[in-house]
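K.L.:
First the structure, which I've put down as structure tokens, then a few questions once you've had a look.
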Amino acid sequence: MYNEQFRQQFHFSPKENWMNDPNGLVYYKGEYHLFYQYHPHSSVWGPMHWGHAISKNLLHWEELPIALYPDELGQIFSGSAVIDKQNTSGLRTSDQEDVMVAIYTHHGEDNEKQSIAYSNDRGRTWTKYQGNPVIENPGIKDFRDPKVFWHERSQKWIMSLACGDQIQFYRSPNLIDWTFLSTFGSEYGAHGGVWECPDLIQLEVEREQDKKWVLIVSMNPGGPNGGSAIQYFIGDFDGTTFTCDDEKDTVKWADFGRDFYAAVTWSNVSEPVWIGWMSNWQYANQVPTNPFRSVMSIPRKLKLRRQNNELKLVQNSIDLSSLYKETIRLNDNLALLPLEPKQIELKDLQVMVEAKVKENNSSSLTLTLKGEREQLQVVFDRVKQEIRVDRTKSGNVSFSEHFASMDQMLLEELKDFKLIVDTSSIELFVNQGSSVMTELFYPSEQTYTLEWAATDGEVHLSNVSIHHIESTWK
């Protein structure tokens, strides 16, 4: 079990069948809850339920029974969950437990509305609110994905809601009675597709005393390399209105890879952490996995960093050191000369590679996961000032015309990188997490090497470490 071909070994995936967006992320009494869009009867998208898993450390997951089933109001689409510590909803029935409230979209035929459900036993059983829906559809086709948080300054619950290609904000004293506040987005950002899965969070600015509000918005299609992707806006929120600091035509992408979507943050945590669905709607229903389909990213910590007088969203993976199985290299120096590639044999495709760039006068540094006939390449191109991930020869690419891709991300200078490889995915964090790419691939060979190569010049690396990562399913 959990060792099927392409099954990732330290990322969450359901035992079987279809999964997409993470939902209802909430932490309570030592447990991180991960709900997710789930179709329990097929490995392709269908009538949506909320699947459910819990973890104590965001690495080892236990799959629990389905939390929410479709009903007469419709399918259970994406949403969020909160701990109603003050029992503002009046839905608490236990002396020992706070009430956990899920806020989600009921998707009926051409009619989406917002509903709630509640649990008084740490998310194990759920009761749908008798007065659902709590927000009726105002005549908008795409009206979904409520993300709710408690706003201290106004002492109200705030909801961000995806409405076509903009975001609406609502306020409530009790999670039941909601009042429309404002709309954002018609003149800002990218509009190549429908906006989905918003999240409004406050993040610290690294090495500054300041905090800023960040509005996260998934969009499908229209991503920087095709298909679905996540954009974000930085500004201020006063309890009623979100005001963006950037020019209207500014577009900021959270991840330039093809396979990071619908990411939202956990609520009731002291440090902002999010997780995303590792797939792309261009081919999500066709990826060659069985009996499960889809996987979640590594959970990532979030903050803001000022670069060239501009604020950027920074992501870094949670600490994986507890999963280190074997160290191939540690705090090593590596000199790469032209036409003299270095090869390191890999026992499996469960590795984390880290390095700092000490000197670089090459035109490009290339890392290649290499089999006999297959390869996945990451090219750090100093001349074009970009990173390219080439998965055109990475194994099975025939299942979709959209999959065999060469994906690009601009990068002025390479200072360091972390590459996390797990069976059928890579997550690349560059320059301490200020640039990120997430990509799936489906290799079929048994043995791989990691090849390092410099072109037209030398690259000197320091702090090179390569760790094999153990499975979290054992």
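Just so it is clear, none of the values below were taken in a lab; they were calculated from the coordinates. The model shown is predicted, which means the values in this text are computed figures rather than measured ones. No Cβ is skipped: glycine too gets one built from the backbone with ideal geometry, and neighbour counts run over all protein chains shown.
K.L.:
Could you work out how far the C-alpha centroid of the range 194-256 sits from that of the range 350-364, in angstrom?
P.N.:
29 Å
K.L.:
Treat every Asp and Glu Cβ in the range 321-469 as -1 and every Lys and Arg Cβ as +1, leave all other atoms uncharged, and give the resulting dipole magnitude about the Cα centre to the nearest 20 debye.
P.N.:
Here the range 321-469 has a charge dipole of around 160 debye.
K.L.:
Identify all aspartates and glutamates with a Cα-Cα distance to K56 below 12 Å; exclude those on the same chain that are fewer than 8 residues away in sequence.
P.N.:
E31
K.L.:
So, one more: Taking the Cα centre of the range 110-258 as origin, work out the dipole magnitude from +1 charges on Lys and Arg Cβ and -1 charges on Asp and Glu Cβ, in debye rounded to 20.
P.N.:
Rounded to the nearest 20 debye, it is 580 debye.
K.L.:
Also, quick follow-up: Calculated FRET efficiency, K474 and N290, Cβ-Cβ r, R0 30 Å, to nearest 0.05?
P.N.:
Efficiency, rounded to the nearest 0.05: 0.90.
K.L.:
Just how large is the dipole of the chain about the Cα centre, in debye to the nearest 20, putting +1 at every Lys and Arg Cβ and -1 at every Asp and Glu Cβ?
P.N.:
Dipole magnitude for the chain comes out near 620 debye.
K.L.:
With unit charges on the beta carbons (Lys and Arg positive, Asp and Glu negative) and the dipole taken about the Cα centre of the chain, which residue among L419, Q96, V379 sits farthest to the positive side?
P.N.:
Q96
K.L.:
Which pairs, out of K358/K393; K113/K301; K358/K384, put more than 25 Å between their alpha-carbon atoms? Intermediate values should be presented prior to the final figure.
P.N.:
Numbers: K358/K393 31 Å; K113/K301 31 Å; K358/K384 20 Å.
K358/K393; K113/K301, as the Cα separations exceed 25 Å there.
K.L.:
Could you work out the relative contact order of the chain? I mean the mean sequence separation of Cα pairs under 8 Å and 6+ apart, divided by the number of residues, in percent.
P.N.:
Details: 1346 pairs, mean separation 67.4, N = 474.
The normalised contact order for the chain reaches 14 percent.
K.L.:
Here's a follow-up. Largest first, please: the extent of the C-alpha atoms of the range 405-453 along each principal axis, to the nearest Å.
P.N.:
Answer, in whole Å and largest first: 35, 21, 17 Å.
K.L.:
Sticking with this structure for a sec: Give me the percent of DSSP beta bridges within the chain that run antiparallel, rounded to the nearest 5.
P.N.:
95 percent
K.L.:
Sorted by average packing, counted as other Cβ atoms within 10 angstrom per residue and highest first, what order do 182-193, 337-348, 212-223, 360-371 take? Walk me through the numbers before you get to the answer.
P.N.:
Working: 182-193: 17.7, 337-348: 13.5, 212-223: 22.2, 360-371: 19.5.
The packing order, highest mean first, is 212-223, 360-371, 182-193, 337-348.
K.L.:
Among the listed pairs K85/K141; K212/K312; K156/K248, which have their C-alpha atoms separated by more than 23 angstrom in this model?
P.N.:
Beyond 23 Å: K85/K141; K156/K248.
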